[in-house]
Amino acid sequence: RPNTTKPGGARTTVLAISPAYATDRTVWLAGQSGNTTVLYRSTTLPESWSQIFSFAPGMVGVAQLEVSPNYTVDNTLFAIYDNKMFKSTNGGVNWSVIYTPAAGRNFRRFVISPAYASTPAVFFENVEMVSSVEQHYLLRRLDGGATWTQLGPQGYNRAVGYNGVRAA
């Protein structure tokens, strides 16, 4: 039986809901408790939460957590933690780093393609400061592996009308 607890002592940093919530009732919550970031999962809200993963202690909490639109088949989640992108293919129990930005760049946000089942695309935005001006980089990953492609002009300035990464 999993160790069940209510994550009341943890400061919630992000929450994600299964695209099949109506049938699987699955919700994930990442929380910061002291210097440890933990991931909880519940399929019986609000009765119980199971702690399913602990990220390395001493880092900032999970900045973003997203569930694959095809979760019922692929059990895939993505997260940004410690300025790296992580991927889990077993519902959040195990994670691996799939991307680390170049030195001086930071993750801003990412989205998963609504058609992830047929075209496993993930888009994300990197940001770096150049002469006190934010320079943004949009990247795409199509193969579900480790191949990332930069899209558009290198270092475009967001002030020119760009409003961030969004799924359509």
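The values are calculated or read from the model by the stated rules, or taken from the named source; none is laboratory data. What you are looking at is a predicted structure, and each value in this text was computed from that prediction instead of being measured. Because the Cβ atoms are built from the backbone with ideal geometry, glycine has one as well, and the counts that use them run over all protein chains shown. In case anyone asks, the SASA skips ligands and DNA or RNA and just uses the protein heavy atoms, side chains included. Shrake-Rupley method; radii C 1.70, N 1.55, O 1.52, S 1.80 Å.
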Does any residue of segment 128-139 turn out to be open to solvent by less than 30 Å² (accessible area, probe 1.4 Å) and either of a type in the set (Lys, Arg) or under 11 Å from the mean Cα position of the chain (by Cα) (or both)? no
Would you pick out the residues in segment 52-73 that are open to solvent by less than 40 Å² (accessible area, probe 1.4 Å) and part of a helix (DSSP H, G or I)? Tyr71
Pull up segment 26-47, narrow it to residues that are part of a loop (DSSP other than H, G, I, E, B) and closer than 17 Å to Val93 by Cα, then point me to the one that is modelled with the highest pLDDT. Thr26
Which condition does Glu125 not pass, out of (1) among the acidic types (Asp, Glu); (2) more than 16 Å from the chain's Cα centre (by Cα); (3) modelled with pLDDT of 75 or more, if it passes all the others? (2)
The residue from Thr72, Thr89 that alone is within 17 Å of Leu142 (Cα to Cα), out of contact with any Asp or Glu (no Cβ under 6 Å at 6 or more places or on another chain) and without any contact (Cβ under 8 Å) to a residue 60 or more places away in the chain is Thr89
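Residues checked against (1) within 22 Å of Ala56 (Cα to Cα); (2) surrounded by 14 or more Cβ atoms within 10 Å (Cβ to Cβ):
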{"site": "Asn75", "(1), (2)": "no, yes"}
{"site": "Tyr81", "(1), (2)": "yes, yes"}
{"site": "Met85", "(1), (2)": "yes, yes"}
{"site": "Val97", "(1), (2)": "yes, no"}
{"site": "Tyr116", "(1), (2)": "no, yes"}
{"site": "Glu125", "(1), (2)": "no, yes"}
Criterion first (assigned to a strand (DSSP E or B) and under 20 Å from Arg11 (Cβ atoms)) does Ile80 satisfy it? yes
Here the residues within segment 99-114 that are part of a loop (DSSP other than H, G, I, E, B) and surrounded by fewer than 17 Cβ atoms within 10 Å (Cβ to Cβ) are Thr100, Ala102, Ala103, Gly104, Pro114
